[in-house]
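Okay, structure first, notes after.
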């Protein structure tokens with residue numbers, strides 16, 4: 001994600017001229033990054049749900065993500081007033097977590113529902129959703145002019161698949177993740193503070209590029 005955004009910043013400052021909107025390589029990179037976000041959010045939701053904590057803790061967690069999403073909207077409006085982020089990845093995660101709550105203990109239902117949501121989001125489109133009122137649902141006939149657009153259909157489905165993956169990891173005692181223990185400690189630090197990293201890395205990189213280029 002950081003590498004992708006760094007490349008985006010290079011284009012923003014005119015250093016490079018990559019076509020993020022139409023080049024299949026960049027589109028595939030974006031889809032891979034988003035899929036990892038939503039999958040991990042689903043896995044994390046399963047782990048959080050297994051802890052004996054009151055519902056207020058869950059709602060507080062969702063509220064923090066929603067608040068961060070509003071910060072992203074505000075910051076993007078300052079930089080890109082014509083294409084600010086009105087429903088990006090953090091908006092999608094916050095709303096998806098609320099919608100997924102009843103399915104956190106039902107991995108098979110979550111997986112089937114997730115598959116249906118993904119397919120529906122990929123194959124169905126209707127002009128009625130071509131606006132900011134309904135556009136967050138998905139089904140738009142064309143990508144809107146915004147710096148980040150992550151509608152519920154199909155991306156909510158990826159989070160639901162993450163719930164199924166989370167239950168699978170728990171059943172196997174996280175055996176598939178054992179090799180990740182060999183990674184440098186920096187990766188663990190970034191993982192534990194992922195939301196802060198997400199919010200801070202882009203403004204920091206843009207500042208570091210702006211100084212030498214101006």
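Assigned to a helix (DSSP H, G or I) and exposed (fewer than 12 other Cβ atoms within 10 Å of the Cβ): which single residue out of 44, 56, 36, 31 fits that description?
From the options 44, 56, 36, 31, the qualifying one is 56.
Here are 152, 161: which of them is within 20 Å of residue 72 (Cα to Cα), modelled with pLDDT of 90 or more and in contact with a helix residue (DSSP H, G or I) (Cβ under 8 Å, 6 or more places away or on another chain)?
152
What helices (runs of 4 or more DSSP H), lying completely within the stretch 86-201, carry at least 1 residues that are surrounded by 15 or more Cβ atoms within 10 Å (Cβ to Cβ) and touching a residue at least 24 places away in the same chain (Cβ under 8 Å)?
89-100, 107-123, 152-171
Between a residue in the stretch 41-53 that is touching a residue at least 12 places away in the same chain (Cβ under 8 Å) and any residue that is part of a helix (DSSP H, G or I) and exposed (fewer than 13 other Cβ atoms within 10 Å of the Cβ), which pairs come within a Cβ distance under 9 Å, given they are 6 or more apart or on different chains?
Going by the 9 Å Cβ cut-off, the qualifying pairs are 48/57.
In the stretch 4-22, is there at least one residue being at pLDDT below 95, exposed (fewer than 13 other Cβ atoms within 10 Å of the Cβ) and in a helix (DSSP H, G or I)?
no
Out of curiosity, is residue 68 closer than 19 Å to residue 193 by Cβ, modelled with pLDDT of 95 or more, in a helix (DSSP H, G or I) and within 19 Å of the chain's Cα centre (by Cα)?
Judged against the criteria, residue 68 is a match.
The values are calculated or read from the model by the stated rules, or taken from the named source; none is laboratory data. The shown structure was predicted, so the numbers you read here are calculated from the model rather than taken from an experiment. Positions of Cβ are generated from backbone atoms using ideal geometry, with glycine treated the same way; all protein chains shown enter the neighbour counts.
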